[in-house]
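The values are calculated or read from the model by the stated rules, or taken from the named source; none is laboratory data. Quick caveat: nothing in here was measured; it's all calculated off a predicted structure. Glycine also receives a Cβ, built like all others from the backbone with ideal geometry; neighbour counts cover every protein chain displayed.
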């Protein structure tokens, strides 16, 4: 006879509560625990920071937990290289052991990284999230995420540790490449699109890092975040709120940093009062790797592992990742233990793991053939994202697109290096670097290889002095904890090109040969020294395994450039954050001799064709504080080749009760047009988007004048539309409208 917790006709919370009531304290605790197999503390196999190896679990931890069950399995594919079919078989066998070992036959939730695709050997490597932001294409990001999620579910994975929704405040931060950009609306809409795709494939999306991680002092990894409540409310939190409300994310990861002395893993204001009580989140909060142990070892707010566990559990952390350390160190308070275990069991129920027999084994059937994690469909998607993410920053000389009969010199140490294409959380750079004896697992053409294939009629020469055009390739190699120039723990003191590439460029430009600057990087770098001398400038943010052909295609003109900057490119390397979202005093002016203006601003990007934007029509320039209005604009391709314009809508508030950004993005749309073709862009603007947090902590829509700026970037405004908000000031909360919908007809 089935027990209520096995009855698939009952709601998941009811089933989970029935099961919880039958569990011992040890069984409940086991559900909050995880095991990381294959992470060898005696070698450098595990992708962890120096000093973290002591916390990694061995098989002994699994054996100790088996009689009680297990909450999570950590990265069964993403720890060491494993053939996909072997990995699926091993995971299925491990799940059988886990089910056979506990009296309720419960399997574990298997989680993996999926920031640039499924982080497994031989799986498709997609562009890094900063490149997603450059596409300004949520629909494509959703399609990509759904394909990634489907490949993960096919081999038995349940949860993905993505997307990163941190809004970059200072690009010296090493994890800039993992973020989507410097604007909360762009991060929110693109991040939500990724969540929708992952969740549609049956994978639990995990929002990270909650919250303030990218706002650290000095842009240092794990450093304190010196932000006030208004910046937290209006810049840092909206992407998370949107991804939960609209995307349906079922998990949130706490953050390493502290805010005003309170670490993210010990912050009940964020993890309980805001996330659950105000936003109504019902999923699971997981720790960042070793984040609970860090309360003792790094933050020094706990005297023992047991105390760290109690603090984190009370704050609202439900599951300890990547390995059992603190939650199994001592007795946990019964009420808090029950609260967290109920959440985890409810999620397992939603995943089908409480159903009779548990989840079916996902081994390939006899005769099915090998598992392909890099099929043609995935490679095509990776190339589509890469192509849309390449940004043409400058082309004043008209040297681009390149013709096929030129004499071309390709210079720069990254020109023929696969690393220039791959972000820190790609399998080859995250784990594969520890296994130099193995091939990359997927084909990753370098820039030079891709360009030669793209232009078979060109003559490639070694001496730039004899060339018609020189392509100077610079940028980053990603890595972990100082083993690269970009990536987790690879923070920068300034925004000067690494590896002496600035001096290299000085020598290249001194030759006087027309030179195209190609930047393949994980963050923007200061390019002011060379911008006036470059024949053209192209930027790509770690564009993945198909990135070489994508960049080469843009240079040849086979691919029309349509990427836009998700983060500004600075003029000077001094570490000044780009001025986008800055209030008036944060921009260039008389009080300081330093000009922090971006060389290429947020939203900037050029095309090989030309566009005209006709005067927009506004339905109602006067609207109530609880109302909205509609706009329409005609965009025409006036050139002789197809192209895609990206229409961007910015809000300017002339007078506020607190200092406000000069402009902030509130809507955008990609507009693909053939030569001579036109299209109408329709925008629906809700007054809720004018809301901001005042000095008293309330988010208000206030009456008064506003200005909508219809623009090609945050600085290149085509048209302004004055608006007037009427009626009383109105407080808005979690129910507010967060989008300006733009449709192309």
Among the candidates 126, 104, 118, single out the residue that is in contact with a helix residue (DSSP H, G or I) (Cβ under 9 Å, 6 or more places away or on another chain) and within 30 Å of residue 4 (Cβ to Cβ).
-> 104
Residue satisfying condition, being in a strand (DSSP E or B), within 27 Å of residue 108 (Cα to Cα) and either touching a helix residue (DSSP H, G or I) at 6+ places or on another chain (Cβ under 7 Å) or at pLDDT below 95 (or both), within set 317, 285 = 285
Would you call residue 485 modelled with pLDDT of 95 or more and crowded, with 24+ Cβ neighbours inside 10 Å?
-> no
Members of the stretch 461-476 that are in contact with a strand residue (DSSP E or B) (Cβ under 6 Å, 6 or more places away or on another chain) and without any contact (Cβ under 8 Å) to a residue 60 or more places away in the chain = 461, 464
Can you name every residue in the stretch 498-525 that is surrounded by fewer than 23 Cβ atoms within 10 Å (Cβ to Cβ) and part of a loop (DSSP other than H, G, I, E, B)?
-> 498, 499, 500, 511, 512, 513, 514
Looking at residue 207, is it touching a helix residue (DSSP H, G or I) at 6+ places or on another chain (Cβ under 6 Å), in a strand (DSSP E or B) and under 30 Å from residue 153 (Cβ atoms)?
-> yes
For residue 479, are the conditions met, namely being under 20 Å from residue 176 (Cβ atoms), surrounded by fewer than 23 Cβ atoms within 10 Å (Cβ to Cβ), out of contact with any strand residue (DSSP E or B) (no Cβ under 6 Å at 6 or more places or on another chain) and at pLDDT 95 or above?
-> yes
Pairs, first farther than 23 Å from residue 121 by Cα in the stretch 436-453, second modelled with pLDDT of 95 or more and part of a loop (DSSP other than H, G, I, E, B), C-beta under 7 Å, six or more apart | 448/415; 448/416
Test residue 268 against the criterion of being modelled with pLDDT of 95 or more and crowded, with 24+ Cβ neighbours inside 10 Å, and give yes or no.
-> no
Select, from 241, 307, the only residue that is assigned to a helix (DSSP H, G or I) and surrounded by fewer than 19 Cβ atoms within 10 Å (Cβ to Cβ).
-> 307
Is it the case that residue 221 is touching a residue at least 12 places away in the same chain (Cβ under 8 Å) and either closer than 29 Å to residue 337 by Cα or not assigned by TED's automatic domain parsing to the domain that holds residue 151 (or both)?
-> no
Number of the exception - residue 352 against (1) part of a helix (DSSP H, G or I); (2) free of Cβ contacts under 8 Å to residues at least 24 places away in the same chain; (3) within 17 Å of residue 70 (Cα to Cα) | (1)
Of (1) out of contact with any strand residue (DSSP E or B) (no Cβ under 6 Å at 6 or more places or on another chain); (2) modelled with pLDDT of 95 or more; (3) more than 28 Å from residue 144 (Cβ to Cβ), residue 446 satisfies all except one. Which?
-> (3)
Before we move on, is residue 162 crowded, with 24+ Cβ neighbours inside 10 Å, part of a loop (DSSP other than H, G, I, E, B), outside the structural domain of residue 485 (by TED's automatic domain parsing) and under 14 Å from the mean Cα position of the chain (by Cα)?
-> yes
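Residues are listed down the side, and each one gets a yes or a no for (1) touching a strand residue (DSSP E or B) at 6+ places or on another chain (Cβ under 8 Å); (2) in a loop (DSSP other than H, G, I, E, B); (3) under 15 Å from residue 73 (Cα atoms):
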| site | (1), (2), (3) |
| --- | --- |
| 332 | no, yes, no |
| 339 | no, no, no |
| 342 | no, no, no |
| 348 | yes, no, yes |
Criterion (under 15 Å from the mean Cα position of the chain (by Cα), buried (at least 24 other Cβ atoms within 10 Å of the Cβ), modelled with pLDDT of 95 or more and more than 30 Å from residue 62 (Cα to Cα)) met by exactly one of 140, 130 = 130
